[in-house]
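The values are calculated or read from the model by the stated rules, or taken from the named source; none is laboratory data. All values reported here derive from a predicted model rather than from experimental measurement. Cβ placement follows ideal geometry from the backbone for every residue including glycine, while neighbour counts extend to all protein chains displayed. What goes into the accessible areas is simple: the full protein's heavy atoms, side chains included, and nothing from ligands, DNA or RNA. Shrake-Rupley method; radii C 1.70, N 1.55, O 1.52, S 1.80 Å.
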Amino acid sequence: MIEPSDLSMDLEDLSSVPRGLDLVVAIHGFVDAGQAAEAAAAAVLDTLPHRPVVAFDTDLLIDHRSRRPRMLFNEDRVEEYLPHSLSLLLVEDDAGAPFLLLTGPEPDWLWERFTDRLLELLDELEVASTTIITSIGMPVPHTRPLTTTVSGNRADLIEQYSAWRPVSSAPASVIHRIEHRLHPQSPVATFTVLVPHYVGESGSAGPALTALEGVTSATGLAFRTEELRQADREFQQLVAQQMETNEELQRVVTTLEARYDAFMAQSSVRSPLTDEDGSVPSADEIAEELERYLRERRGGDGDRLL
């Protein structure tokens with residue numbers, strides 16, 4: 001039988017890792033609209049000093065047939081094979097403060113034993129708090145500030161930063177299990193960025209920026225976000241240019257803006273998802289014009305919006 005301790009390997013003596021650090025969890029997979037967690041983790045690792053301290057066994061945890069590793073084929077041979085990596089890293093923020101980062105693909109298998117092992121590590125390292133970042137697609141406009149749903153046991157963060165507080169039954173992910181297990185025993189907050197559902201994997205940096213801002217609010221950690229901010233400005237400019245010549249796109253975005261503004265103003269509209277009569281339109285209904293527009297663009301000169 002596979003034990004929780006079998007799922008990870010220490011890459012160095014953990015006694016050398018400072019105790020009492022904050023943990024940031026940026027696992028990507030089932031829920032990562034706009035690649036918020038993946039892009040946020042990449043920005044952290046691209047700009048800040050770090051080293052891995054624990055590696056999880058992706059051969060046991062990942063279904064490689066559903067998420068295949070990448071390889072580089074060079075004319076007549078496989079030149080490079082890039083396996084999945086799910087690791088706990090020690091990172092220094094922009095002010096030199098150390099913290100822990102758990103990042104990589106979400107496990108497909110052994111959720112309970114993976115969570116058991118992670119909590120054992122958190123206990124051994126005396127982790128002070130856990131901040132999880134994730135994202136979901138929502139019918140909200142790209143022209144308004146991205147908002148978050150905050151869950152966990154940190155009431156101050158929920159009160160200040162949770163713009164939408166639904167009651168719903170939905171498919172879970174490992175991060176939900178981690179939050180649920182930590183809730184009675186340790187400070188934990190999950191920042192779920194509400195991403196315009198038509199953004200997809202467009203390269204927009206806004207979701208990653210909002211996710212890192214949530215981490216800063218929860219922990220005080222400082223990140224280098226200049227490149228993300230520049231990428232977000234370029235994305236906004238591209239969308240604005242293409243909206244200028246498409247009235248249908250303008251109309252759909254205007255509708256989303258009206259719903260967003262009404263909700264944020266705490267009007268009688270109960271949620272940015274609801275129509276005036278309280279019904280919940282499907283994503284297809286809300287994004288129909290956008291999707292048709294994108295299909296037309298993809299069938300034309302190849303200049304894509306998203």
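Of the solvent-accessible surface of segment 1-147, computed with a 1.4 Å probe over protein heavy atoms with every protein chain present, carbon and sulfur atoms account for 51 percent. Sorting the segments 150-157, 184-191, 122-129, 23-30 by their residues' average number of neighbouring beta-carbon atoms within 10 angstrom, most packed first, yields 23-30, 184-191, 150-157, 122-129.
Maximal additional length on extending the Glu226-Arg77 stretch stands at 49.7 nm, based on 0.36 nm per residue less the C-alpha distance.
Given in Å, the Rg to one decimal and the Dmax to the nearest whole number for the Cα atoms of segment 161-217 are 13.3, 38. Look at the alpha carbon pairs under 8 Å that are at least 6 residues apart: their mean separation over the length of segment 153-248 gives a relative contact order of 25 percent. For segment 89-126, the residues whose backbone nitrogen is under 17 Å from a point 7 Å from the Cα of Asp10, taken along Cα to Cβ, are 89-90, 117-126. The convex hull defined by the C-alpha atoms of segment 72-194 has an orientation-averaged projected area of 12.1 nm². Each residue of segment 95-109 was assigned a 3J(HN,Hα) from its phi angle through the Karplus curve 6.51 cos²θ - 1.76 cosθ + 1.60 (θ = phi - 60°); the sequence is 9, x, 7, x, 8, 9, 10, 9, 8, x, x, 5, x, 8, 10 Hz, with glycine and proline shown as x. If the chain between Gln241 and Asp94 were fully stretched, how many nm would it gain, using 0.36 nm times the residue separation less the Cα-Cα distance? Additional length available on full extension: 49.5 nm. Computed over Cα pairs, the Kirkwood radius of segment 1-77 leads via Stokes-Einstein (0.692 mPa s, 37 °C) to a diffusion coefficient of 208 µm² per second.
The residues neighbouring Asp93, those whose beta-carbon lies less than 13 Å from its own, together hold a net charge of -2 under the Lys/Arg +1, Asp/Glu -1 convention. In the context of the full set of protein chains, residues of segment 1-89 present 55 Å² of accessible surface per residue (probe radius 1.4 Å, heavy atoms only).
In the assembled protein chains, Arg229 presents an accessible area of approximately 100 Å² (probe radius 1.4 Å).
With only the Cα atoms considered, segment 41-105 has a convex hull volume of 106 Å³ per residue. Taking the average, over residues, of other Cβ atoms within 10 Å as the packing measure, peptides 242-251, 55-64, 33-42 rank 33-42, 55-64, 242-251 from highest down. Local charge for Pro4 was computed over the other residues whose Cβ lies under 9 Å away, with Lys and Arg +1 and Asp and Glu -1, and equals -3.
With R₀ fixed at 22 Å, the C-beta to C-beta distance from Arg165 to Asp116 puts the FRET efficiency at about 0.15.
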